[in-house]
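Engineer: Quick one: the structure is below, questions incoming.
The values are calculated or read from the model by the stated rules, or taken from the named source; none is laboratory data. Bear in mind that the values here come from a model prediction, so they are computed numbers and not experimental data. We place every Cβ from the backbone using ideal geometry, glycine too, and count neighbours over all the protein chains shown. We work out accessible area using only protein heavy atoms, side chains counted, and drop any ligands, DNA or RNA first. Shrake-Rupley method; radii C 1.70, N 1.55, O 1.52, S 1.80 Å.
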Amino acid sequence: TDEFALWLDKRGELEDEDNATLQRGRVLEPALVDAYAAKTGTAVAMSGLVVGRQPWMLANPDGLIGVDGGWEGKTANRRDEWGEDGATARSGTNRLMPVYYALQVAWYLEVLDREWWDVTCAFVPFEADKLIAAMLRRGIESATVAQTILDVSDLRHYRITRDRSFGYGLVARAEEWW
């Protein structure tokens, strides 16, 4: 089942799968964080796997900002699933992005005990994945590939603030499931 596969994945018992969407994210993430820093004047400390107050509370955020914030970079093809640039929402009522991203951000807020999370999304052309793969195969550096793609992309920035009651329920449900 999907729930069982997710459980195995979170325990590190499934092999990581790679695909064009994941490759796009890896290539574009450094340029996205630079675009965020340029727009906001805020430095992002890149992050890795973080264990929360319980061993099953894991998060792998893209970056941390100071002691209260975090940052996540996303790429998407469909703008209609996302809110307007600069919009803000609370984690329990976040309708600015697809639900799977909204829940990821809400989870990160709880695991890392942060008050807000910024998300930068690059809306890339539908053919971007093929273009990225072709450019990388030709030996073009990732930074050049990323800048080429971002030059034709629409960037939007969002801020999600923590809703503690929603977060409490999210953690309680995860603990029950685990």
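Engineer: Between the alpha-carbon centers of the stretch 99-115 and the stretch 57-88, tell me the distance in whole angstrom.
Structural biologist: For the stretch 99-115 versus the stretch 57-88, the Cα centre distance is 9 Å.
Engineer: Please sort 135-144, 108-117, 62-71, 19-28 by packing, taking for each peptide the average over its residues of neighbouring beta carbons within 10 angstrom, highest first.
Structural biologist: Per-residue mean Cβ counts within 10 Å order the peptides as 108-117, 62-71, 19-28, 135-144.
Engineer: Right, next: Given the chain reduced to its alpha-carbon atoms as identical point scatterers, what log10 I(q)/I(0) does the Debye formula return at q = 0.11, 0.13, 0.14, 0.19 Å⁻¹?
Structural biologist: The calculated log intensity ratios at q = 0.11, 0.13, 0.14, 0.19 Å⁻¹ are -0.50, -0.70, -0.82, -1.36.
Engineer: If you don't mind, another one. Evaluate the Kirkwood expression for the hydrodynamic radius of the stretch 78-175, namely the inverse of the mean inverse distance over all pairs of different C-alpha atoms, and round to one decimal in Å.
Structural biologist: It is 15.1 Å.
Engineer: If packing is taken as the average count of other Cβ atoms within 10 Å, what order do 100-106, 30-36 fall into, highest mean first?
Structural biologist: Ranked from most to least packed, the peptides come out as 30-36, 100-106.
Engineer: How much area per residue is accessible in the chain when the probe is 1.4 Å and only protein heavy atoms are counted (Å²)?
Structural biologist: Values: 10070 Å² over 178 residues.
Heavy-atom accessible area per residue stands at 57 Å².
Engineer: Stokes-Einstein at 4 °C, 1.567 mPa s, Kirkwood radius from Cα pairs: D for the stretch 50-93 in µm² s⁻¹? Intermediate results must be reported in sequence, preceding the final value.
Structural biologist: On the way: Rh = 13.3 Å.
Answer, rounded: 97 µm²/s.
Engineer: Per the helix-only calculation at 222 nm, which mean residue ellipticity applies to the chain, given -39500 (n - 2.57) for every DSSP H run of n ≥ 4 and division by its residues, nearest 500 deg cm²/dmol?
Structural biologist: -13500 deg cm²/dmol
Engineer: Against the longest principal axis of the chain, how steep is helix 164-177, in degrees 0 to 90 to the nearest 10, with axes from Cα atoms?
Structural biologist: With rounding to tens, the tilt is 80 degrees.
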